[in-house]
Every structure is written in C-alpha cells, then in structure tokens.
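Okay, structure first, notes after.
The values are calculated or read from the model by the stated rules, or taken from the named source; none is laboratory data. Small disclaimer: the values here were computed from a predicted structure and weren't measured. Cβ coordinates were reconstructed from backbone atoms using ideal geometry, including for glycine residues, and neighbour counts include every protein chain displayed.
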Amino acid sequence: MEWETVIGLEIHTQLATKSKIFSAASTTYGAEPNTQACAVDLGLPGVLPVLNAEVVRMAAMFGLATHSTVAPRSVFARKNYFYPDLPKGYQISQFELPIVHDGHLDIDLENGGSKRIGITRAHLEEDAGKSLHENFQGKTGIDLNRAGTPLLEIVSEPDIRSAKEAVAYMKKIHSLVRYLGISDGNMQEGSFRCDANVSMRPKGQAEFGTRAEIKNINSFRFVEQAINYEVQRQIMLLESGGTVVQETRLFDADKHETRSMRSKEEANDYRYFPDPDLLPVELDDAFIEAVRKTLPELPDVRKARLVSDHALSEYDAGILTASRELADYFEAAAAAAGGAGKLAANWVMGELSGALNRGNYDITDSPVSAGTLGGLLQRIEDGTISGKLAKQVFEAMWKGEGTADEIIEQQGLKQISDAGAIAGIIREVLDNNPKQIEQYRGGQVKLFGFFVGQVMKATQGKANPKQVNELLRKLLDS
Amino acid sequence: MHQKSLVELAADLQKGVYSSEELTRACLQRISTHDERLNSFVTVTAAQALAAAQAADGALKAGTAGPLTGIPFAHKDIFCTRGVKTSCGSKMLDNFISPYDATVTEKLLEAGAVMVGKTNMDEFAMGSSNETSFYGPVRNPWDEATVPGGSSGGSAAAVAARLVPASTGTDTGGSIRQPAALCGITGLKPTYGRVSRYGMIAFASSLDQGGAFTRSAADAAVMLGAMAGFDPRDSTSVDRPVDDYVAQLNEPLQGLKIGLPKEYFGEGLDSAVGDAVAAAIDEFRKLGATVVDISLPNTHLSVPAYYVVAPAECSSNLSRFDGVRFGHRAENPQDLEDLYTRSRGEGFGEEVKRRILVGTYALSAGYYDAYYLKAQQVRRLIRDDFLQAFAQVDVIMGPTAPSVAFKLGEKADDPVSMYLSDIYTIAVNLAGLPALSIPAGFSNGLPVGLHVTGNYFQEARLLNVGHQYQQVSDWHTRCPQGFE
C-alpha cells in the first residue's frame, strides 16, 4: 500500500525578554541553579503573577508576520498537573483563547516550488524548571531558574507531508523569530524546540490516522531523523496488521529512534480553567497597528528584493536571507563593492562562509567586516587584482593584516594590465619553448594552457588573465 | 486602656498619655492572661512588637506619626509576614517562615502599626466556625462553649475580647463578616480589588478579599485607609484612588435609601436574629433613611455556585503544597508519588481535602461546563441582581448570619448546615461587592450582626452608615463578661 505521512509541529520558542513572563526575575541562561528564581517563580504561598507587557508585543509581532489574527481578547488559563519542577502545580498557559490564531507561512520545497503551511495558533505560556537527575545520589535536584521563562508555542496545521518539509517549516519559523528579534533561537540552550505529531494514512484517504507525538526535539537534524524513524515504525506496524497507539514518544538521539513515554490512557486531565489571578489580555487596533509599524522587512520580502536588485538566483537569495544578520552582512558588502551583488553573493557564500565555518565564527563576529570585504570586491571589479590573487588578499585580511588596498600594495599584487608588458613576457616564454610551439602548431592545441601557465608563473600570477589569453592566442595563431 | 477604641488610643498616643510601648505591653499582657482560654493566637511576636512600638514612639515624638502609628494589631495567619511563621491554620505550613511580606503587611508596617501576633483561623480559610484549624478551635468570648465563626475566628475573638483594638482578616464567602457578627464587633469586607491580595495565601482567588476587624466603623475607616490601594503586584487590584474614609463618617443619613431583600428574611432565619435586625432598621428610619422592599431573585443560587467556584479555585491554588519546596514533607518518601500523596495526605485536614476533591471533580474533563462554567454564569446573574437593586437603593441590609453563635462541634459533622451559615454573605463575594457587619443587638446573650452591602467602591458610604448607627446605639461598646 502507498502511505501518506501527515505531520503537525508544535514549536516552543523562548521569547527574548530580559525578565520572566510573570515575574521580574532575570531570564539570563546559565546562572547557578535557583539563583534566578524569585518568590513568584518558586510559587511561594501568596504570590501572584503579573504579565510582562513585552511578551504581548512579541507575540503580536509574530502574529502579524504570519498573516494571523492577533486576538483582541485572549485569556490565560491554568494547566493543572503535579511535577517537581512545576512549582505551583499548574502551568499558566493560554487554552481556549490564544493571542494569535489562523495564520500561515510559505516554505520552499526541494523541487523549487513552495508550499503553504497553516498556523493554527500561537499562545503564550510559562516554561517549567529543570529536574536534574545526576550527582544527587538517587535523588532529584530541582533548578527553577528556567521556571517562568516566556514561551510562544506555535502550533501548525497537519499540512506537512515529509520530514524534509518539517525541517523546512521549522527552519522558516526559526529564521522568522530571529528576524523579528523576538527570540535568539538558541537550540542548544533550549530556546527553540519542537514536538512533532506524526501519523500515516493510505494515500487518497481523507481521514487522519492515529498519531504519535514525539516530544522535545531540539535540532533540525533530530527532527528529520525522528520523523523518518517514526514514519518507518508506523508503516511497519500498519503493514504487519498492527495499529498505531496514540501516545507520547521520546527521540533518543544516540540510538536514532523514538520510544514510548506514556500512552493516552495515562494522560493527565489538565483541568484547564481561566487563571483568576490574571485579567484577560485585551488589545485594541491602535496597539496592533503600532506593532505593525515596528515589523522589520521579513525574509520572503527581502529575498524577492535581493533577486530583483542583484539578479541573484532564488536559491542564493534564499541562503543569504536565511538569517537577518547574514542578509545584513551581504547587503553591506554589496554596497561597499559598489553594487556588485552577484560577486558579493559568491564571496559571502563561498570564501567568507568557508572561513567562518572553519573558525567556528558567527557572521556577527566575522574578522572581516562587510566593508572590508566590499573593498576587496571593488578591486576585483576594477581589474586591480585577479580573482585568484584576491583569495590570497582575503586570507591576509582574515589575519587582520589590513584593508585590500593595503595588502595589495604591501605584497605587490597589482595586476599587470599593460598590454606591452604582457606581450614582452609572452614573447620571452615563446622564445624559451620552441619545441612546444612546434607541437602546438602541429595540432596539440591543449598546450595552450601550458603557455598560459608559464606566463602566469613568470608574473607571479599578476598578469591580467584575459589579456594573457587574447595576446597569446594572437601570437601563437599568427 | 484596652477598652478604648483605636481612634481614642491614637489620640492618646498623640497626646503622650501613654507610649506605644506601654500600650503594646498591655496588649501582650492581655493576650497572655486571656488567650489560653480563647486560643485566638497561633503566634505572639512579643519581641518584634516591642521593637516596633519603640520605633513608633520615636515617630510620635518626632511628629511624623499617622493615625495608626503605635497602634497594636494582629494579622490573620494568612498574611505573609517576613521572618514570622505564616501557617494559614494548617499543619502543611506549620514550619513555614515567610521570606517576604504581603502588601497589606508592608502597608500596615509603613503606617507604623505594631503587629503583636498572628491569629488562628480555619485551615486555609475553609470553614465558618474556626474548628478546622490545625491549632485547635477558637472560643467565642461571649460564650466559650460556642464558636467565634470563621474562617477569621481568631482575629474576631481577639478584638471582641479586647486583646487588640484591631486585626486583619480575609473574606471569601463571609469569613470577616460572619465572625464579626458572632463576636459582636465590626467587620469590613471591601470591594474585590480594593485591597491587594499579594502575600495573602490564596483560597479562592476570584473571591478572596482582605479587610479588617475593629470595634467600630470609625476604627475600620482608619484601618481600611491604610490597607487599601492599587498594587502593581496584584493584577486584580484596581487602579483607583483611595477615598478618605474618615472624612465621610459624619455625613447625615437623611434620604438614605435602604433595600431589604425579601430573600434575606425568609425560611432559615432565626426569629430573634430577625427581630434584632428589624429593630436596627427602625433606628435607621429614625435617622432619616427610607426603606424599600427589594428582591434579589437569584439568591438561592449563591451557595451552590460558591461551592463550585471556591473549591475549583482552591483545588488549583493548593497544588503548590506538594512537599517539594516548603511546608510539610512526609518522612522517607519512597518515590515521587509517595512524596506527594503522603505530604498532602498528612499536611491537609479533612475540610481542605473535601474541598480539593470537590473542586478537582468540578474542573474535570466532561464536568467543567456543567459545574464551573455554569457557576460562573450564575455569578453574572447574581451580580446583575445587585446592580438592578443599586439602581433603586443606596445600601442593602439584612442579617449577617442566620443565627447567633452555635455550639462548638454542633455543625462540625454536617458540612451543608455549616455552609448555610454563610448564606447571606456569599452572594456579595460572588459579585465582588463591599459589605460591612456591625453589632445590632443580642439574642440569648449572644451578639447579632447587621449586614450592610454597598455598590462597588462604596466603602466610605458603608462606613458612614455604620458610624451613624453607632452614634445612636451602644451594641458595639458591649464587652463580653470576663474581659472587662
């Protein structure tokens, strides 16, 4: 039987606020356990939550950027369950009335097309703390620094049909929240993670199959592996006459497999009800319009602009706009290069990205600034140096030896473009290789490259390659 | 000096008739003499109180004193007090020393009032007789075989017995007004949102409101002036200026329109209580008020709605008492489940468990709409009843409780009968309105309370009504035998 995969993702994004969603405690990552948990975060008797206005603004930005409705009225509810790292015995979340709903996002497919993925809702909630099971001799340690960290949970429609699409969607959301400046998207620190709902159905069938939910996946690679494993598991199960059980599963990154955590029968009844400690969040049009004015240029719009302004391919523009910082760098370098966008794109995606990867640098702390790189590109454009020598200059720039002009001057790399000088060198090369001339003229035309090489060697690569080609051909073929 | 009202004591302190330290020592002495019988205090903070009294004396000398500077008072043990045990009447919090102050605690500290201790209460404020306390029942100073009412029974008994001139309380369904009535003192429950709930251990968040016990409406005006106000730490507190409650006490009542809901004078009301209330209302007529018969047709729904909403909210509010971070923890837990079940099983008393179970049930999938949602709809009906009434009248009057103080143990095994002792007070909490209970006579030697309900934020009007009545009556000055 031919199976169709149906996937919906729930992405948890940590919002980049300074303080927590309902308290004034800091959200900075990596502090000593329980040093960033105030009375409210500890759930002491008598404390009350107060909503951080910043999270409302951030959620509204996300809603506007995904063509969603930003709800004029949303309500915080309590999700009741017991867990040691959940201090109050309930999580404050939004249930019936989320702040954002009914939007969509377009993802790029591998075949060059694009696909629209529906966004069911995005709601605000507080994160729980962390249970630490190591180093406590059979006991569990609780770190509540994370408790109360603001999260935006983004729930997609079950529109995703493959692991690859899931990754593309997750990357798109990742890029978007960073563009909007509402999350640092740091996956190692848990600022961006997802749950994947996966089910199978015979191709052509309208109703969905029973789904399994894979919890807490924190990398793009793991999402792809976990879904692929789960798809295979479910197909094998179904084809051998079994049924999929609705359950929560965990992805084991070491074994590359998912395994059962708890089944639906063991699932909690969360007893949701509106939190009486918090007022409903009411947003008027003026607020929403004010937020709209603060939206930056979004990735899709920027990508289209790069394609039209710089004649880049869709693919290249997609890579360059994947992060706001990379796109900013590219545009600055292209401007410094006098508008040579195509050249700038090649260098940013080629030499620069390679060097950044090797040195494990982020684009924002690149040793070569966009302006410096642009200076080099200008010298390629105006023929001062060849592309090949430019790489040598780039390496020197990377080491901090100066600007392109300074390095070209110091190392004497200026291209020889004087036709007379080049012709003189060519004649000298021809004089020294009479045998090869004979062979060339006898039909071994491949030897043309040999002569070019000799000329470049004699000029230490500085001769203008185009001129060398032209003059050499003229002299050899005459 | 223990017979003097708060206002009189404040005047004496200002004049230097005695110092706050002398007054505080006198209060502490009365507590140690009388409280063994009453059991109204869980904790007495003598050393702290004397230090605060000395500081107050400094302020009195320096001329920076306010109307509460140097006045001893007691906090219901539901308000968090930094460095002092805050038990909420429960074994669960018997070991809990609060690391922070409630907003009300802070405000009274700033006002220079001197806390002498924390008062006994029904466990987590769940009860109408103060019999559910882990620290044992409180006795009514008017008859030690009877209950003082609840849940703020300790605060009410301590003021009635002249151990302190004032105390704080909280009122979720009548927990200030009913004990005030049963103990023959003045009890004020402000509008929901008038007094910050921050640091007041939550029972039912949408109903809880802090207030005060005093011996007169004039004293309550001073207490409320210090306790009320917007608090950015409580999202449900209301950002609205605090009225000058004292300034309006002396307004004449000429033209006051009093509504008498027929539902408050029917079946279930003790006839002697009804007679006392009727006599009090006659006094108001003499003061120039007119009386109008009104109806609050959804009154009969208030107790059932309350016993869905309050347990539902409490079932969630009390989840934080899990033995993990503070409070009672079971010995040698075998695993997490065992830690939870035994810590909570051992830490909570019967009534608290009953309400957690009821509330958990009411919020469960499949029952939520039928119970919680329906109860919230009933709340709107009840509020609308009141709003219609207030279009006609200025205040609504009736009995605070259907009977005078009942015997200890009399209703302890009959929760429904116990719940009905709040039948006249509960609707006010469901609607979020302010209400006052003032002494209005006696039946068989036990005090009767008159219940006065006002429109939203009309506390000044309520206190004015209470004060004017107390100018022409002396019920509020009567002192229980043995405490003169």
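Below are the figures for this structure:
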| item | result |
| --- | --- |
| When residues of segment B:190-205 are limited to those that are more than 8 Å from chain A (Cβ to nearest Cβ) and under 16 Å from B:Ala226 (Cβ atoms), the one surrounded by the most Cβ atoms within 10 Å (Cβ to Cβ) | B:Val195 |
| Residues (among the β-branched types (Val, Ile, Thr) and closer than 22 Å to B:Phe203 by Cβ) located in segment B:297-340 | B:Val303, B:Val308, B:Val309, B:Val324 |
| Count - residues of segment B:261-318 that are in contact with a strand residue (DSSP E or B) (Cβ under 6 Å, 6 or more places away or on another chain) and within 14 Å of chain A (Cβ to nearest Cβ) | 1 |
| Every pair of residues 6+ apart whose Cβ atoms lie under 9 Å, when the first sits in segment A:420-436 and is basic (Lys, Arg) while the second is in a helix (DSSP H, G or I) | A:Arg427/A:Leu475 |
| In segment A:281-295, residue nearest to the other protein chains (Cβ to nearest Cβ) [restricted to those that are exposed (fewer than 12 other Cβ atoms within 10 Å of the Cβ) and not in a helix (DSSP H, G or I)] | A:Glu282 |
| Restricting segment B:206-233 to residues that are within 14 Å of chain A (Cβ to nearest Cβ), part of a loop (DSSP other than H, G, I, E, B) and surrounded by 23 or more Cβ atoms within 10 Å (Cβ to Cβ), the residue that is farthest from the chain's Cα centre (by Cα) | B:Asp231 |
| Filter pass, B:Arg355 being within 20 Å of A:Pro45 (Cα to Cα), more than 13 Å from chain A (Cβ to nearest Cβ) and under 24 Å from the mean Cα position of the chain (by Cα) | yes |
| Odd one out for A:Gln415 among (1) crowded, with 21+ Cβ neighbours inside 10 Å; (2) among the polar types (S, T, N, Q); (3) within 25 Å of the chain's Cα centre (by Cα) | (3) |
| Filter result for A:Ala196 (surrounded by 18 or more Cβ atoms within 10 Å (Cβ to Cβ) and over 13 Å from the mean Cα position of the chain (by Cα)) | yes |
| Residues of segment A:332-375 that turn out to be touching a His at 6+ places or on another chain (Cβ under 7 Å) and outside any helix (DSSP H, G or I), as a count | 0 |
| Residue match in segment B:325-342 (condition: under 24 Å from the mean Cα position of the chain (by Cα) and surrounded by 18 or more Cβ atoms within 10 Å (Cβ to Cβ)) | no |
| Positions within segment B:420-456 being of a type outside the set (Gly, Ala, Ser) and surrounded by fewer than 19 Cβ atoms within 10 Å (Cβ to Cβ), in sequence order | B:Leu420, B:Phe442, B:Asn444 |
| Residue within segment A:64-83 that is among the hydroxyl-bearing types (Ser, Thr, Tyr), within 13 Å of chain B (Cβ to nearest Cβ) and farther than 15 Å from A:Leu151 by Cα present | yes |
| Close pairs (9 angstrom Cβ cut-off, 6 or more residues apart or separate chains): over 14 Å from B:Gly445 (Cβ atoms) in segment B:466-484, of a type in the set (Ser, Thr, Tyr) and part of a helix (DSSP H, G or I) anywhere | B:Gln470/B:Thr477; B:His476/B:Tyr469 |
| Hits in segment B:322-348 - residues which are in a loop (DSSP other than H, G, I, E, B), more than 9 Å from chain A (Cβ to nearest Cβ) and of a type outside the set (Phe, Trp, Tyr) | B:Gly323, B:His328, B:Arg329, B:Ala330, B:Glu331, B:Asn332, B:Pro333, B:Gln334, B:Asp335 |
| Meets criteria (among the small types (Gly, Ala, Ser) and under 36 Å from the mean Cα position of the chain (by Cα)) for A:Ala396 | yes |
| Segment B:363-379 - residue that is part of a helix (DSSP H, G or I), more than 9 Å from chain A (Cβ to nearest Cβ) and in contact with a helix residue (DSSP H, G or I) (Cβ under 9 Å, 6 or more places away or on another chain) and, of those, surrounded by the most Cβ atoms within 10 Å (Cβ to Cβ) | B:Arg379 |
| Single residue of A:Gly63, A:Gly89, A:Gly46, A:Gly8 found to be in the same structural domain as A:Ile160 (by TED's automatic domain parsing) and more than 24 Å from A:Asp195 (Cα to Cα) | A:Gly46 |
| Among (1) at positive phi; (2) within 14 Å of another protein chain (Cβ to nearest Cβ); (3) touching a residue at least 24 places away in the same chain (Cβ under 8 Å); (4) not charged (D, E, K, R), the one test that A:Gly138 misses | (3) |
| Segments classed as helices (runs of 4 or more DSSP H), wholly inside segment B:1-100, with at least 3 members that are under 24 Å from B:Ile176 (Cα atoms) | B:6-15, B:20-38 |
| Restricting segment B:384-425 to residues that are under 16 Å from B:Ala310 (Cβ atoms) and assigned to a helix (DSSP H, G or I), the residue that is modelled with the highest pLDDT | B:Asp422 |
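Conditions (1) over 21 Å from B:Val195 (Cβ atoms); (2) in a loop (DSSP other than H, G, I, E, B); (3) more than 16 Å from the chain's Cα centre (by Cα), marked per residue:
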| position | (1), (2), (3) |
| --- | --- |
| B:Thr105 | no, no, no |
| B:Lys118 | no, no, no |
| B:Gly127 | yes, yes, no |
| B:Asn130 | yes, yes, no |
| B:Tyr135 | yes, yes, yes |
